[in-house]
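First up is the structure itself, then whatever we jot down about it.
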Amino acid sequence: MVKKEALRTRLALGWEVERAIATDKHDQTLPEYTYNGRTMTLRGWAERIGTTYHTLYKRVVTQDLSIGDALALGPGSAKHEEPLTAFGETKAIHQWAVDPRANATATTISKRVKAGWSARQAITEEPVHRHGLGSGAPWAAFGRRMGLPDWARLSQISEQTLRKQMDHHAMTLQDALQSLGWLPDWHGRATDVIQINALDLQPGDLVVEVGEGEEQLLSVRRTAVSPEFATGRAAAATGRSTAVRSAHVPVSRPARLSEPTSDPRAARAR
C-alpha cells in the first residue's frame, strides 16, 4: 500500500500513474549513474553538487538529460557557483565536486575554502566523519575556535609540533603559529613546508621543525623575498663586516710599576 504523500511525490516527479500506485516502497530499485569514473545514485549525485534529489530527478527522468548534462546545470541557484582555481584550472565549486580528483561535496569544499583551506586541499582531502571539528577542547587563535587537529591541518604544521611549541615556551596557540611562520593569510605568499639542509637556508625561511636524523634536515616554510630586500640585507651584512674589520680599538696596557733603585740608602735620602 502506497501512502498518499508518496503517491503525490511520485506523480510530481513524473512517474506513470500505474507504476506510482503499484510499486511498493520496498520493491523500488535505486538506479545508479556513472560519471567521470564514479558511480552513485541520484541522491548521492544531488548531495555531491549541493542540490535536491527532486531537482536532479526531474532533469534526468522527466527531461531525459544525461547524468553529465544534469550535473553540469549545477544546484539550480547561485549556490556553489563561485569560481575556484586549482591544478591550473578555474571552474565553479559544484563542477569541482564532480571532478575525478574531488573527494568532497560542493558544500564541504565551499566551507573549507571559507575556513582558509587551500583550493587543492579543500577539493582532494576526504572528510573525516565526526560530530564536530577536531577532538577535545577547541583552541582559539586569530578570532576562531576549533580543535588542534584542524589547526594542524589548516597550517600544515603537525599537531605534535604545535603542542611542543606551546608547552616548552608557555605560548598561546596564536603565538605558537606565528612563531612557526604561519598567519591566516599566508596562502599565496609562501610555498608548502619543505625539507632542506641547513646550508640551503635562504633569507625569509621560517624554520618549523628540526629533524632528528643524522642529516638533521630542517622543515622550513619558504617565503618569497623581494630582490630589493635580499640585496639590502646582503649589503647591510657586508657593511657590518667591513666596519668590524676596519675599526681599530686601542688596547690599553697596564702601567708598569717603577723598579726600586739598587741603592736603598739613596731611596731613604729622598
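Derivation of every value follows stated rules applied to the coordinates shown; laboratory data play no part. The structure presented is a predicted model; accordingly, all values stated were derived computationally and were not measured. Methodologically, a virtual Cβ is constructed for each residue, glycine included, from the backbone with ideal geometry; neighbour enumeration extends over all protein chains shown.
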Could you give the nm distance between label points at Thr34 and Arg120, where each point is 7 Å from its Cα heading toward the beta carbon?
-> 3.0
Can you check what the net charge comes to around Tyr33, using other residues whose Cβ is under 12 Å from the Cβ of Tyr33 (Lys, Arg +1; Asp, Glu -1)?
-> +2
Once amide H atoms are placed 1.01 Å from N in the peptide plane, what residues at a sequence separation of 5 or more from Asp205, or on another chain, have their amide H within under 5 Å of its amide H?
-> Thr223
Got a sec? How would Arg144, Arg221 order by Cβ neighbour count within 10 Å, fewest to most?
-> Arg144, Arg221
Gained length - Arg163 relative to Thr52, 0.36 nm times residue gap less alpha-carbon distance | 35.7 nm
To the nearest 20 debye, what is the magnitude of the charge dipole of the stretch 31-124 about its Cα centre, counting +1 on the Cβ of each Lys and Arg and -1 on the Cβ of each Asp and Glu?
-> 300
Burial ordering of Ser77, Ser110, Ser179, fewest other beta-carbon atoms within 10 Å first = Ser77, Ser179, Ser110
